[in-house]
Each structure stands twice: as structure tokens, then as C-alpha cells.
1. What number of residues within the range 103-146 are among the small types (Gly, Ala, Ser), modelled with pLDDT of 90 or more and in a loop (DSSP other than H, G, I, E, B)?
2. Can Ser192 be described as surrounded by 23 or more Cβ atoms within 10 Å (Cβ to Cβ) and of a type in the set (Ser, Thr, Tyr)?
3. Kindly provide the set of residues from the range 201-212 that are part of a strand (DSSP E or B), surrounded by fewer than 23 Cβ atoms within 10 Å (Cβ to Cβ) and not β-branched (Val, Ile, Thr), ordered by number.
4. Of these, Glu198, Glu157, which one is assigned to a loop (DSSP other than H, G, I, E, B) and either of a type in the set (Ser, Thr, Tyr) or in contact (Cβ under 8 Å) with a residue 12 or more places away in the chain (or both)?
5. What is the one condition in (1) assigned to a strand (DSSP E or B); (2) surrounded by fewer than 21 Cβ atoms within 10 Å (Cβ to Cβ); (3) hydrophobic (A, V, I, L, M, F, W, C) that Ala222 does not satisfy?
6. Out of Pro127, Pro96, which single residue is out of contact with any strand residue (DSSP E or B) (no Cβ under 9 Å at 6 or more places or on another chain), of a type outside the set (Phe, Trp, Tyr) and closer than 26 Å to Gly245 by Cα?
Amino acid sequence: MLGVMHRRAFLGATAFGIGVLAGCVSSEGDNSGGLVEAATPAPTATPAPTATPTPARTPSREVADAGVTDDLRGDTVRSSGTGKGLSDRFTAMGGPVVVSLQFDYTGMRNSNFIVKAVDDAGEPLSPLVLSVNEVFEEARLRDDPGRYTLRFVTHFEPGDYFLDVTHAGGPYGDGAWEAVVEQPGVPTSGESVPLTVEGFDGDVIGPVTFDGPVRVTVETAAPKIGPTDEPIVYNYRVVPTDARGASESRLLNSVETAPLMQSAVYFPTTDVGYLNVHSWGPWTATVEAA
């Protein structure tokens, strides 16, 4: 019998991956390529904190309960804003970085969610460790909650950084956004296999303790619905990372309409790691010995 882990989504259940054709161009920590990024606004010249931090939320159970090998933990930084702006500065310690994003598009006909990481001089990082570009054009979930949430793990080299965030802007008006950056430390253990995870939108499975190859299966439930009530094509995928949040090649990658089921065998490169799930709406993932 598979163990069941009921995930808590960041700031509540929200709608993930808003785009009308191939859904999104979102490579949160995914350096394997394969998607062409949409045009983005001109980069910010000189970054300066524009948001006021608020108390951090408690990390999810999986992160909080994991053993940690070293002291690569950092302060949690929470920022919010409207339209285009920068998060507060955060200092990466060299371990996994958990980024949670929420965009409220209630009442907006069109919207574009763009997030990239920039250094202390305002320059985008190369190679990319974080690149999100989600497009919303009159395509929604049924019973749409009017919010989009993305939570993922990535890796930054030690240093000071900002998140450069754009929610719509231009002719579409500005939308509210929130961003949380957490650094729980490098895990030495995690959830054991087999396990089942029920998630919503983009979220993280793990940390997971691997004992050999595993089969990862993801089932999505709710299709995106276009303005004429037809299902919309969207990009669903799973990207593994190691214990420090460094991304590996995409394990699952499908550009089609939901509902769908994807399955693939993963050969872990480390004993402990994470799985970043990219979806829109509810999904169920199973991880079991291959």
C-alpha cells in the first residue's frame, strides 16, 4: 500500500500554469532546455528592495522533518508587490532554495507572469537557475480560483540575489503577487518510497530518499478551458534535482490537454533529492521502486 502525503500548497489552493498554447515557458531550475521563452520586458537597471518582508510561513512537513547535513540554511524572505518589482534581497547559502510564487489574476482578462533571478547588480544569472514565463489569455480551470501558485526547488551559488517579478503590466493592467524564498538546508533523508503525493499547481515532491531507480507517475485531473469552452494545450512536466537543488534533465515533459497520465523511470544521481512537478490544477503523483 502506498503511503499518502497530503500536500499543503503555498497560501492555499491556486491555479498553476496559465497559458493558451503550450501553456507556459517556465523552467524553474530546469537547465535542460527544450522550450523557447517568450519575450520579456527590458531588465531592471539597478535593483532595490521594493517590498516589505512579512513573517515567514512554517516550512512544509517534508522539509521540516528532514535531517540536514550542514549549516547551509538561510533566512526566509517573503515579499509582495503589484505589477513589476523586485523581491527583497536574499543571501543564498549554497544549499537548496525553495521558491514559492503566487499571482492573483482575479478579474484580469489577460495576464503574463514573469520571474527571473538577478544578482546584486541587476544582471540576470547565467546559466539560468530560475526562469518563469506563464501566459494567461482567457484560458482558465473550471471553477477557477483566480490564483496561480508555483513552488519549486533550485540552486543558487552563494551570494546576494533578487527575484525580478512582472505580473502583467502594459495594456493588461497590473496584478498582485507574492514571493517566498526559503533555505531549509541540505537534507540527508526524506520520504521513503513508495509514496503518493496529492498536489495542486506547481509543487515539490520531497525530499525523497532513493534506494535505486524509481518509477514516477503523474496524473492530472482538470483541463484548462478556453473562451469557447474547449480544452487548452498546456505543458506538464517533472524535473528532478539533487539534494542541493541542482536540476537534472527533465524526467517527464508533455505538451497536450488534460486529463493525462505520464510515467517514466528515474535513475537518481544522489541518495536524496526532490521532484519539481509542473502542472495546472490538481494532480496525483506516485513514486515506487522500478
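The values are calculated or read from the model by the stated rules, or taken from the named source; none is laboratory data. Since the structure is predicted, the reported quantities are computational estimates derived from the model, not experimental observations. As a convention, Cβ positions derive from the backbone with ideal geometry for all residues, glycine included, and neighbour counts pool all protein chains shown.
1. First, pick out the residues of the range 103-146 that are among the small types (Gly, Ala, Ser): 107, 111, 117, 121-122, 126, 131, 139, 146.
Right, trim to modelled with pLDDT of 90 or more and you get 117, 121-122.
Filter once more, keeping what is in a loop (DSSP other than H, G, I, E, B): 121-122.
Total satisfying the criteria: 2.
2. On the way: surrounded by 23 or more Cβ atoms within 10 Å (Cβ to Cβ): no; of a type in the set (Ser, Thr, Tyr): yes.
In short, no.
3. Step one: of the range 201-212, the residues part of a strand (DSSP E or B) are 202-209.
Then keep just the ones that are surrounded by fewer than 23 Cβ atoms within 10 Å (Cβ to Cβ); that gives 209.
Residues satisfying the conditions do not exist here.
4. Working: Glu198 fails: assigned to a loop (DSSP other than H, G, I, E, B).
Selected residue: Glu157, the only one of Glu198, Glu157 that is assigned to a loop (DSSP other than H, G, I, E, B) and either of a type in the set (Ser, Thr, Tyr) or in contact (Cβ under 8 Å) with a residue 12 or more places away in the chain (or both).
5. (1)
6. Details: Pro96 fails: out of contact with any strand residue (DSSP E or B) (no Cβ under 9 Å at 6 or more places or on another chain).
The match here is Pro127.
Conditions tested, residue by residue: (1) touching a Gly at 6+ places or on another chain (Cβ under 8 Å); (2) charged (D, E, K, R); (3) at pLDDT below 95.
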residue	(1), (2), (3)
Thr209	yes, no, no
Pro213	no, no, no
Pro240	yes, no, no
Leu251	no, no, no
Tyr266	no, no, no
Ser279	yes, no, yes
